[in-house]
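See structure below.
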Amino acid sequence: MAILELNNVKKSFGTGHKQVDALKETNFSAEAGELIAVIGPSGSGKSTFLTIAGGLQTPTSGGILVNNQDLADLNEKQRSKIRLKEIGFILQASNLIPFLNVDNQMKLLDNVKKDNMTKDELNALYENLGIKDLRKKYPADLSGGERQRVAIAKALYSKPSILLADEPTASLDSEKAYEVMELLKKETKQNKTTTIVVTHDTRLIEYCDKVYEMTDGVLELKEKPSKN
Amino acid sequence: MLLLSNSLTGCDLMFLAWNEIKKNKLRFTLIMGVLMLVSYLVFFLSGLATGLASLNREAVDKWDATAIVLTEESDKSLPQSSLTNEEVDAFKDNETAILGQLNAIATNGDAKQNISLFGIDPEEFIMPDVTEGEKFAGINEVIASDTLKEDGFELGDELELSSTEEKLTIVGFTDSARFNAAPVLYGELATFQKVKFGEGVAEDETQINGIVIRGDDLSSITTSNEDLEVIEVETFIENLPGYTEQALTLNFMIYFLFAISSVIVAIFLYVLTVQKISMFGVMKAQGISNGYLSRSVIAQTFLLAFIGVVVGFALTLISGAFLPAAVPVSFDIPTMIIYGVILIIVAILGAVFSVLTIVKIDPLKAIGG
Ligand SMILES: Nc1ncnc2c1ncn2[C@@H]1O[C@H](COP(=O)(O)OP(=O)(O)OP(=O)(O)O)[C@@H](O)[C@H]1O
Ligand SMILES: [Mg+2]
């Protein structure tokens, strides 16, 4: 069963001759436990695709099903709830709260949502991500790579069914970038998440199950990478 | 502090609020400091308002009366009113007390002070309790407000009055009693008559200034005499010279400070909120609701305002204790508590701006892409 489905989704900005079709008619579906890469040049519509899939913006037309629930039927408040329950975002720039230490970044979610990871699960996650010694540190005191790993922990902490990552490795050197991809893969398989990673870096696609390429708003499935 | 911090972070609403305050101590201490200063000023002004008011009305409040009867033509002014002792009989269904009043300068040779002389009947309810010395027993003996002690007057002092040759002797003191800013001397009606009219006045011609009435119900106190006017005590006080003007001025300043503190908090929090737009956007993208974020901001404002007001309150009382007696401040705790609550409420109103800003943040813009 598909966890995430986009049916005939289109997104355009502006009208008349200034109209930009950021996303042309797109059909897409992803299963649980799939790690999917979306590559493509700058301005091709990757972020647009990802934010529409995550319910952060509404398409001009078409439907998005998250766990069979149509986002088009929901208002912003309800979509916010879906994001909280079903979706984890990992962004290019760190999405951590500056005045919360690593532990409290997670705890914040406990204030607004039930059924997050247990203490043991969180400890295992910290262990996996190699950040268990950083729990009391504030974002400003972390390196870029550490921050990105904390961001991943934060996205996974709420046990989302869908994990959306926009250039999660952009601020990292290639060594660290591989590490992060390795982690994403591990978590995807372990927790049966549906993970979509947008990236410029074609070397990272070898970690993924499927690779899509975005060109001028058109999303196309590419040949599976040889390895894997 | 640790205990406070634990109990605060344990509470959902205070989680963001308190963690942010902890991490940005200087910033929030500044806001709290401003709130503290504003509340300090409000409390002090309210103390001044109460002090100045009691300077005017203290003696009247001691009557615990419902109304006062003055002549119509006096226009609610006690010294301008003049009625005969017999007119009291018209109100005999109520508890009444006659009152003669005049202002004079009294001196004991060294100290000089504006005083208000009350001529009363010692059997009636205006008669004050004596806290030191004894009751006046004969003519020219008076009980004095003990505020006169601070002005250098003592038990047994012979007082010369500005308007007459008569001399008065202080035989006792009573609790602070002032009328229109002048300390009160209480004496027999005969003493008052002698001071006012000199020796030769006939007993049946005695003139008093007003009749003070205690009664359950103002509407039951009526007169058929068209020359007389029954005035509610509060109205009487409001018509004391300068009283209303003073009260209005100070209250106006206090109300203004309420508005100012609301605006200050609004500006401070708004600036802070604008700085945090992308952070709020990230949280909203994550699915954290407007409601939770708004409540956090309100909770934070409440915390800052509460601490600021409490510290301001304490500072007011502390500095009040060190003020010279001549400064007419008197702190009325219930009024101060009400003002404190109002300050906290207006501060929270100031946070509404920030809440509106947060609600309008588009998470998409905040996270970029
Ligand atoms: N809010 C918007 N208003 C107008 N045009 C927009 C808006 N958002 C995106 N676009 C346009 O839509 C197109 C796709 O943008 P998008 O951000 O999805 O690209 P991208 O593939 O993520 O690029 P990059 O790799 O540089 O992040 C671009 O031409 C962009 O200018
Ligand atoms: Mg992008």
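The values are calculated or read from the model by the stated rules, or taken from the named source; none is laboratory data. In this text the structure is predicted, and so the values were computed from the model without any measurement. Reconstructed Cβ throughout: ideal geometry from the backbone, glycine too, with neighbour counts over all protein chains shown.
Numbers for the structure displayed
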{"read-out": "Which listed residue is at pLDDT 90 or above, in a helix (DSSP H, G or I) and surrounded by 14 or more Cβ atoms within 10 Å (Cβ to Cβ), from A:Lys176, A:Lys185", "value": "A:Lys185"}
{"read-out": "Pairs, first away from chain A (no Cβ under 12 Å) in region B:346-369, second of a type in the set (Phe, Trp, Tyr) and in a helix (DSSP H, G or I), C-beta under 7 Å, six or more apart", "value": "B:Val346/B:Phe258; B:Ile348/B:Phe302; B:Phe353/B:Tyr270; B:Ser354/B:Tyr270; B:Thr357/B:Tyr270; B:Ile358/B:Phe280"}
{"read-out": "Residue under evaluation A:Gln57, criteria (1) facing chain B (nearest Cβ under 9 Å); (2) away from ligand 1 (no atom under 16 Å from the Cβ), criterion not met", "value": "(2)"}
{"read-out": "Candidates B:Asp332, B:Asp362 - the one that is of a type in the set (Asp, Glu), surrounded by fewer than 17 Cβ atoms within 10 Å (Cβ to Cβ) and under 30 Å from A:Pro168 (Cβ atoms)", "value": "B:Asp362"}
{"read-out": "Any hit, region B:191-198, residues being among the basic types (Lys, Arg) and farther than 24 Å from B:Pro324 by Cβ", "value": "yes"}
{"read-out": "In region A:193-203, residue farthest from the other protein chains (Cβ to nearest Cβ) [restricted to those that are under 15 Å from A:Leu163 (Cβ atoms) and either within 16 Å of ligand 1 (Cβ to nearest atom) or in a loop (DSSP other than H, G, I, E, B) (or both)]", "value": "A:Thr193"}
{"read-out": "Residue list for region A:1-43, restricted to those being within 16 Å of ligand 2 (Cβ to nearest atom), of a type in the set (S, T, N, Q) and either surrounded by fewer than 20 Cβ atoms within 10 Å (Cβ to Cβ) or under 19 Å from A:Thr169 (Cα atoms) (or both)", "value": "A:Ser42"}
{"read-out": "Out of B:Leu99, B:Leu55, sole residue that is in contact (Cβ under 8 Å) with a residue 40 or more places away in the chain and in a strand (DSSP E or B)", "value": "B:Leu99"}
{"read-out": "Checking A:Pro139 against (1) crowded, with 21+ Cβ neighbours inside 10 Å; (2) at pLDDT 90 or above, the condition it does not meet", "value": "(1)"}
{"read-out": "Those residues of region A:108-135 which are within 18 Å of A:Glu179 (Cα to Cα), surrounded by 14 or more Cβ atoms within 10 Å (Cβ to Cβ) and not β-branched (Val, Ile, Thr), in sequence order", "value": "A:Ala124, A:Leu125, A:Tyr126, A:Asn128, A:Leu129, A:Lys132, A:Leu134"}
{"read-out": "Where B:Ile288 falls short, out of the listed (1) within 30 Å of A:Leu91 (Cα to Cα); (2) away from every other protein chain (no Cβ under 14 Å); (3) assigned to a loop (DSSP other than H, G, I, E, B)", "value": "(2)"}
{"read-out": "Where A:Ser171 falls short, out of the listed (1) of a type in the set (Ser, Thr, Tyr); (2) within 30 Å of A:Glu5 (Cβ to Cβ); (3) within 16 Å of ligand 2 (Cβ to nearest atom)", "value": "(2)"}
{"read-out": "Qualifying residue in region B:188-203 (condition: modelled with pLDDT of 90 or more and part of a strand (DSSP E or B))", "value": "yes"}
{"read-out": "Residues (crowded, with 21+ Cβ neighbours inside 10 Å and more than 13 Å from ligand 1 (Cβ to nearest atom)) located in region A:157-167", "value": "A:Tyr157, A:Ser158, A:Pro160, A:Ile162, A:Leu163"}
{"read-out": "Checking A:Gln190 against (1) away from ligand 1 (no atom under 16 Å from the Cβ); (2) touching a residue at least 40 places away in the same chain (Cβ under 8 Å); (3) not in a loop (DSSP other than H, G, I, E, B), the condition it does not meet", "value": "(2)"}
{"read-out": "Answer from A:Asp141, A:Asp120 - the residue that is away from every other protein chain (no Cβ under 14 Å) and not basic (Lys, Arg)", "value": "A:Asp120"}
{"read-out": "Answer from B:Ala285, B:Ala351, B:Ala366 - the residue that is away from ligand 2 (no atom under 16 Å from the Cβ) and either at pLDDT 95 or above or of a type outside the set (Asp, Glu) (or both)", "value": "B:Ala351"}
{"read-out": "Qualifying residue in region A:21-35 (condition: over 25 Å from A:Asp201 (Cβ atoms), away from chain B (no Cβ under 12 Å) and either within 13 Å of ligand 1 (Cβ to nearest atom) or in contact with a Gly (Cβ under 7 Å, 6 or more places away or on another chain) (or both))", "value": "yes"}
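The rows are residues; the columns are (1) over 23 Å from B:Lys76 (Cβ atoms); (2) out of contact with any Phe, Trp or Tyr (no Cβ under 7 Å at 6 or more places or on another chain); (3) among the hydroxyl-bearing types (Ser, Thr, Tyr).
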position: B:Gly100; (1), (2), (3): no, no, no
position: B:Glu123; (1), (2), (3): yes, yes, no
position: B:Gly133; (1), (2), (3): yes, no, no
position: B:Glu158; (1), (2), (3): yes, yes, no
position: B:Gly187; (1), (2), (3): yes, no, no
